[in-house]
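A short worksheet on the structure shown next.
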Amino acid sequence: MKESSPRPTSLRFFRLFWDTLVTELGPETLRLVLEKANPPVEFDDPDTISRYTPVSAAEKYARIQQAIRSYYGRGARGELTRIGRLIWGRQLETASYVAKAQAQLVRNLPPSLRIKPSLDLLASFLRERPDGVTVHSLDLDLLLVDHSSSVTIGQTEVHPICFVTLGLIQEALYWAFGREFDVEERCCRAAGAAQCEFKITLAAN
């Protein structure tokens, strides 16, 4: 079914995602994964990627992850979550001066006060529009809501599929707090929800 409105993704984020995939899987393996997709996904060179728009990047982001899920089967969740965790470090290394200053402010807070600001920082990296990704308090826990969720474009699945975002949340929290948190994608647009929601359980921490 055709999308009722475009769901753009951050061009900078897409480039980090692509570069991380190429580095971690290797160009030949990634090319094979994309060629095995049905229909195949083109392996683009840097010049082609530089000409993407936020909308075309979002569509490519969805198709690449669909190809990876198809190729790796059950192992795709672990692979894509790992990629998401790796992107967080690259995101910080290549961030603007303003974002780096914000990150330093987060790290200077007492540990118990770093959790939500770290998610706010992650949301600012992910979104192309101001309302694209938001963070909310949920009783004693937190909720990250991806209203755009470009990975779900054209996808219909029984279970949630936003594994890269899941890995990003896990790593952002580990970076901020120094320990793992329970993160669950409790609803996903690919499974028919209006938005993708990630619950971060704080009660046990």
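FYI, it's all coordinate maths here, none of it is from the lab. Worth saying up front: this structure is predicted, and the values here are computed from it rather than measured. Cβ coordinates were reconstructed from backbone atoms using ideal geometry, including for glycine residues, and neighbour counts include every protein chain displayed.
Is segment 105-114 home to any residue that is touching a residue at least 60 places away in the same chain (Cβ under 8 Å), in contact with a Ser or Thr (Cβ under 6 Å, 6 or more places away or on another chain) and buried (at least 16 other Cβ atoms within 10 Å of the Cβ)?
yes
Quick check on this structure: which one of VAL41, VAL55 is surrounded by 13 or more Cβ atoms within 10 Å (Cβ to Cβ), under 27 Å from GLY192 (Cβ atoms), in contact with a Lys or Arg (Cβ under 6 Å, 6 or more places away or on another chain) and among the hydrophobic types (A, V, I, L, M, F, W, C)?
Unique residue meeting the criteria: VAL41.
Please determine whether any residue of segment 168-184 is among the acidic types (Asp, Glu), over 23 Å from PRO54 (Cα atoms) and buried (at least 19 other Cβ atoms within 10 Å of the Cβ).
Scanning segment 168-184, I find at least one residue that is among the acidic types (Asp, Glu), over 23 Å from PRO54 (Cα atoms) and buried (at least 19 other Cβ atoms within 10 Å of the Cβ), so the answer is yes.
Considering only segment 10-45, state which residues are touching a Leu at 6+ places or on another chain (Cβ under 9 Å), aliphatic (A, V, I, L, M) and within 14 Å of ARG85 (Cα to Cα).
Scanning segment 10-45 gives a single hit, LEU21.
Which residues, counting only those in segment 80-100, are in contact (Cβ under 8 Å) with a residue 12 or more places away in the chain, part of a helix (DSSP H, G or I) and either out of contact with any Leu (no Cβ under 8 Å at 6 or more places or on another chain) or of a type in the set (A, V, I, L, M) (or both)?
Those that are in contact (Cβ under 8 Å) with a residue 12 or more places away in the chain, part of a helix (DSSP H, G or I) and either out of contact with any Leu (no Cβ under 8 Å at 6 or more places or on another chain) or of a type in the set (A, V, I, L, M) (or both): LEU80, ARG82, ILE83, LEU86, ILE87, GLY89, LEU92, ALA99.
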